[in-house]
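Encoded as structure tokens, the structure appears first; notes follow it.
The values are calculated or read from the model by the stated rules, or taken from the named source; none is laboratory data. Everything quoted here is computed from the prediction, not taken from an experiment. Every residue, glycine among them, receives a Cβ derived from its backbone with ideal geometry; neighbour counts consider all protein chains shown. Accessible surface areas use protein heavy atoms only, side chains included; no ligands, DNA or RNA. Shrake-Rupley method; radii C 1.70, N 1.55, O 1.52, S 1.80 Å.
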Amino acid sequence: MGNRLSKIYTRTGDDGTTGLGDGARIAKYDLRMQAIGDVDETNCAVGLLVAELAADDPLQPWLSRIQHRLFDLGGELCLPDYELIKAEHTLELEQWLDELNEDLPPLKNFILPGGTKAAGFCHQARAVCRRAERSIAALSATDADTTVPGIRPTLSAYINRLSDFLFVAARVIARRDGGSEVLWQQGQ
């Protein structure tokens with residue numbers, strides 16, 4: 001790991017560039033920085049959900065693991081040629097998804113974000129996660145034309161499965177304790 005920051009401001013970004021983990025400087029508007037920022041924002045949204053849930057909520061250990069994985073994913077985007085996200089991390093999400101989805105009724109309607117405050121936060125995290133997924137896909141498409149190492153498929157798979165997990169988790173949260181999901185009604 002690189003040097004620890006003892007001083008937060010460095011003034012090195014005042015020219016519109018930012019540093020990657022390997023020391024390379026890129027524009028702050030670069031697609032790689034967009035993807036890193038969207039992954040960071042996903043982590044923040046998951047953090048809001050974590051703060052809203054009770055400390056002993058059964059989702060807490062999974063969400064904690066997800067937050068660490070999102071930090072790893074951002075680190076991998078920041079450090080070209082560094083591998084932190086593995087295929088087994090996506091498989092883990094799939095196992096959690098299967099477990100959560102087991103007791104849910106099949107979807108027959110679209111669901112509106114909400115139901116409870118925690119379910120709303122979970123839907124918000126899902127929507128931000130989908131944006132991160134789009135940013136990673138855009139970066140992956142352009143990296144093929146550069147000398148910067150490309151985005152490994154495990155990153156796209158993980159972030160895609162995470163958005164699925166957050167959708168199912170939002171359904172579970174909204175239905176707890178006799179609650180219900182908010183169903184979309186056409187024309188309303």
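Net charge near Glu133: determine it from the other residues with C-beta under 11 Å of the C-beta of Glu133, scoring Lys and Arg +1 and Asp and Glu -1.
+3
For the chain, with every protein chain kept in place, what is the accessible area per residue (1.4 Å probe, Å²)?
Result: 59 Å² per residue.
Which percent of the accessible area of the chain is formed by carbon and sulfur heavy atoms (probe 1.4 angstrom)?
That fraction is 52 percent.
Can you tell me the length gained on complete extension of the stretch Asp98 to Ala138, counting 0.36 nm per residue apart and subtracting the Cα distance?
Extending this stretch completely gives an extra 11.5 nm.
Given the rule -39500 (n - 2.57) for each run of at least 4 DSSP H residues, summed and divided by the residues of the chain, what is its mean residue ellipticity at 222 nm, to the nearest 500 deg cm²/dmol? Don't skip to the end; give the middle numbers.
Working: 5 runs with 106 residues, N = 188.
Calculated from helices alone, the mean residue ellipticity at 222 nm is -19500 deg cm²/dmol.
Among Asp177, Asp81, Asp98, which one shows the highest mean-square fluctuation when the chain is modelled as a Gaussian network with alpha-carbon springs under 10 Å?
Asp177
Which distance in nm do the two modelled labels at Phe71 and Ala127 give, with both placed 7 Å along the Cα-to-Cβ direction?
A separation of 2.7 nm, rounded to one decimal place.
For Cα pairs less than 8 Å apart in space and 6+ apart in sequence, what is the mean separation divided by the residue count of the chain, i.e. the relative contact order in percent?
Working: 211 pairs, mean separation 49.3, N = 188.
So the answer I get is 26 percent.
Quick one: helix 117-143 against the long Cα principal axis of the chain, what's the angle to the nearest 10°, folded into 0 to 90?
For 117-143 against the chain, the angle is about 40 degrees.
Please give, to one decimal in nm, the separation of the simple spin-label points placed at Cys44 and Ile26, each 7 Å out from Cα toward the Cβ.
That separation, rounded to one decimal, is 2.0 nm.
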